[in-house]
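K.L.:
Right, I'll just put the structure down here and ask away after.
The values are calculated or read from the model by the stated rules, or taken from the named source; none is laboratory data. Because the structure is predicted, anything quoted here is derived from the model rather than measured. Glycine gets a Cβ as well: all are built from the backbone with ideal geometry, and neighbour counts include every protein chain shown.
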Amino acid sequence: MQGKLVAILESRTGAHLGELIARRGGTPLLAPALAEVPDLDPDALRALLRDWRSTPMQVVIFQTGVGTRALFQAADALDLGAELKTRLAAASVVVRGPKPTGELNARGIRIDLRANSPFTSDDVLAVIAPLDLAGAPVMIQRYGADNPGLRAALEARGAHVHELATYRWALPEDLSPLRTLLAALAERRVDAVVFTSAVQVQHLFEIAGRDGVAERLVADLENCLIASIGPVCSRALRHYGLKPNFEANPPKLGYLVSGLDALLGGGTRDPG
């Protein structure tokens, strides 16, 4: 991707992703599209553990690394960390991907079931398919937004679902990098755009809508190569009428960058 301008909408690991692109000769354009805002209510956590004592959770689903870490940090701050670990020891612990796995391993939490790649809600449902959920209390560690599909599927199997919010997604306070990206896209200066979450797609179109350029944005993006981290992100792109040129498989940054590099003329799909 020598000399190619590559837009990055990732926030938390955007700098690292930019380094990976620069290492292959590309020029990263950082335009963070979301902020992760803490949203864990201490009273809700206290109430959850209080209810857990009398009605134990049979299944606990961890969806994200940042949310898992936030949950344990909040429990520790309330002097409830030890109790949380004890309650989890008596439940079936399910993880959606490698990031919550790492957080739980660091805490010494036993993991019973792991969703397979690409770590979608469907993959979570597939791995817990053998479990009898009729009447079972199930807790979902929410990510930055609701996951109504997962909840509805669990309730259809008879589960009593409890969701615990740990953070929420919001637009970043500084929107100027996103507006710089919109201008660069309109001027046909961007060679590729890398999307690493569905929310990035939604937020980019939200800002374009505010600025009155949403209709033009589709054509501007179609003028670039579009790289998607995985099927959930690709689904969001298709919702806006866009088809990614590349979807990472497995959904990891190294494979995403190497696939994009091959499309841009780097000639290799080595994720290293």
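K.L.:
Here's a check for you: in region 189-203, which residue that is within 19 Å of His239 (Cα to Cα) and in contact with an Asp or Glu (Cβ under 9 Å, 6 or more places away or on another chain) is surrounded by the most Cβ atoms within 10 Å (Cβ to Cβ)?
P.N.:
The residue in question is Val194.
K.L.:
Please state which one of Ala126, Ala90, Ala186 is surrounded by fewer than 18 Cβ atoms within 10 Å (Cβ to Cβ) and under 28 Å from Leu30 (Cα atoms).
P.N.:
Ala186 is the lone residue from the list that is surrounded by fewer than 18 Cβ atoms within 10 Å (Cβ to Cβ) and under 28 Å from Leu30 (Cα atoms).
K.L.:
Continuing with this model, one more query. Applying the selection to region 1-51, what residues are among the basic types (Lys, Arg), free of Cβ contacts under 8 Å to residues at least 40 places away in the same chain and surrounded by 13 or more Cβ atoms within 10 Å (Cβ to Cβ)?
P.N.:
Arg46
K.L.:
Suppose we filter region 257-272 for residues that are over 22 Å from Ala184 (Cα atoms) and either in contact with a strand residue (DSSP E or B) (Cβ under 9 Å, 6 or more places away or on another chain) or at pLDDT 95 or above (or both); how many remain?
P.N.:
Selection size over region 257-272: 2.
K.L.:
Then there is this: Looking at Ala184, Ala156, which is the one that is modelled with pLDDT of 95 or more, in contact with a strand residue (DSSP E or B) (Cβ under 9 Å, 6 or more places away or on another chain) and more than 20 Å from Leu48 (Cβ to Cβ)?
P.N.:
On inspection, the qualifying residue turns out to be Ala184.
K.L.:
Just to be sure I understand, how many residues within region 210-219 are surrounded by fewer than 20 Cβ atoms within 10 Å (Cβ to Cβ) and touching a helix residue (DSSP H, G or I) at 6+ places or on another chain (Cβ under 7 Å)?
P.N.:
So the answer is 4.
K.L.:
Something else about it: Just one of Phe62, Phe72 is out of contact with any strand residue (DSSP E or B) (no Cβ under 6 Å at 6 or more places or on another chain), of a type in the set (Phe, Trp, Tyr) and in the same structural domain as Thr120 (by TED's automatic domain parsing); which is it?
P.N.:
None of the other options fit; the residue is Phe72.
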